[in-house]
1. Within the stretch 161-183, identify whether any single residue is part of a strand (DSSP E or B), free of Cβ contacts under 8 Å to residues at least 60 places away in the same chain and β-branched (V, I, T), and answer yes or no.
2. Those residues that are within 19 Å of P158 (Cα to Cα) and surrounded by fewer than 20 Cβ atoms within 10 Å (Cβ to Cβ), I need them from the stretch 177-198; list them, please.
3. I'm checking my understanding of the structure. Among residues of the stretch 45-85 that are polar (S, T, N, Q) and assigned to a loop (DSSP other than H, G, I, E, B), which one is nearest to the chain's Cα centre (by Cα)?
4. Do you know which of the residues in the stretch 84-120 that are charged (D, E, K, R) and out of contact with any Gly (no Cβ under 7 Å at 6 or more places or on another chain) is farthest from S60 (Cα to Cα)?
5. Among the residues of the stretch 145-169, count how many are farther than 11 Å from G181 by Cα and surrounded by fewer than 17 Cβ atoms within 10 Å (Cβ to Cβ).
Amino acid sequence: MALSWRRVAALGLHGPFIVILAFVIAVVLASQGVAQDNYEIQVYGSDTVAQRATMVEIHSNFTVEGSKTAQDGMLPTNHAEHETLEITQGINDWAEVGFYVFTSIQSDGGWQWVGDHIRPRVRAPERWHWPVGVSLSNEIGYQRAAFSPDTWTWEIRPIIDKKIGPWYLSFNPALDRSWHGPSVNQGVTFSPNAKFQL
């Protein structure tokens with residue numbers, strides 16, 4: 001699970017109370033052992049990329065200790081380096097579209113394509129003057145069965161964030177759904193993601 005903080009708030013709640021509430025929720029859910037994404041771990045803010053601007057990022061994750069042999073048709077994860085290319089294009093002042101290319105460098109040195117995701121996102125424009133930042137992300141994608149038993153997935157991620165003095169808080173309570181693979185029967189699963197920083 002990705003547990004970090006950025007901005008948190010809820011309509012009708014104030015400063016310190018919402019910070020404490022969001023922290024408690026994130027810690028409780030983290031203790032329940034929610035799985036962590038191996039390719040792109042990120043807690044989003046509500047802002048979108050500026051209109052006609054393009055943002056390019058590389059996300060790097062290394063598996064210190066993972067599976068050492070193939071399991072259920074999936075390649076080993078031990079000492080695998082995961083590199084994700086993210087390209088996000090700003091559409092207007094309230095929308096963007098992100099595209100991800102996931103890759104894995106195996107411990108034997110082989111570099112392989114894992115899959116791709118597309119992530120359209122919309123937000124409440126600043127001209128609405130809401131007391132918190134709010135946006136909604138939808139991420140749909142494919143990953144090869146050699147890297148994930150669930151090959152087609154969909155994530156809906158509401159994003160709520162707020163700056164309170166020197167504090168920045170973000171809460172991303174993601175809902176995930178597998179469309180092809182063994183997790184299909186689980187239906188929608190919940191994954192809390194939060195970020196807190198000074």
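1. no
2. R177, G187, V188, T189, F190, S191
3. Restricting to residues being polar (S, T, N, Q) and assigned to a loop (DSSP other than H, G, I, E, B), the top hit is S46.
4. Residue satisfying both the conditions and the ranking: D93.
5. 8
Residue by residue, here is whether (1) modelled with pLDDT of 95 or more; (2) out of contact with any Leu (no Cβ under 6 Å at 6 or more places or on another chain); (3) exposed (fewer than 14 other Cβ atoms within 10 Å of the Cβ) holds:
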| residue | (1), (2), (3) |
| --- | --- |
| E65 | no, yes, yes |
| G73 | no, yes, yes |
| Q89 | yes, yes, no |
| G109 | no, yes, yes |
| G115 | yes, yes, no |
| W128 | yes, yes, yes |
| G133 | yes, yes, no |
| G141 | yes, yes, no |
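The values are calculated or read from the model by the stated rules, or taken from the named source; none is laboratory data. Here the structure is a predicted model, which means the values were calculated and not measured. Methodologically, a virtual Cβ is constructed for each residue, glycine included, from the backbone with ideal geometry; neighbour enumeration extends over all protein chains shown.
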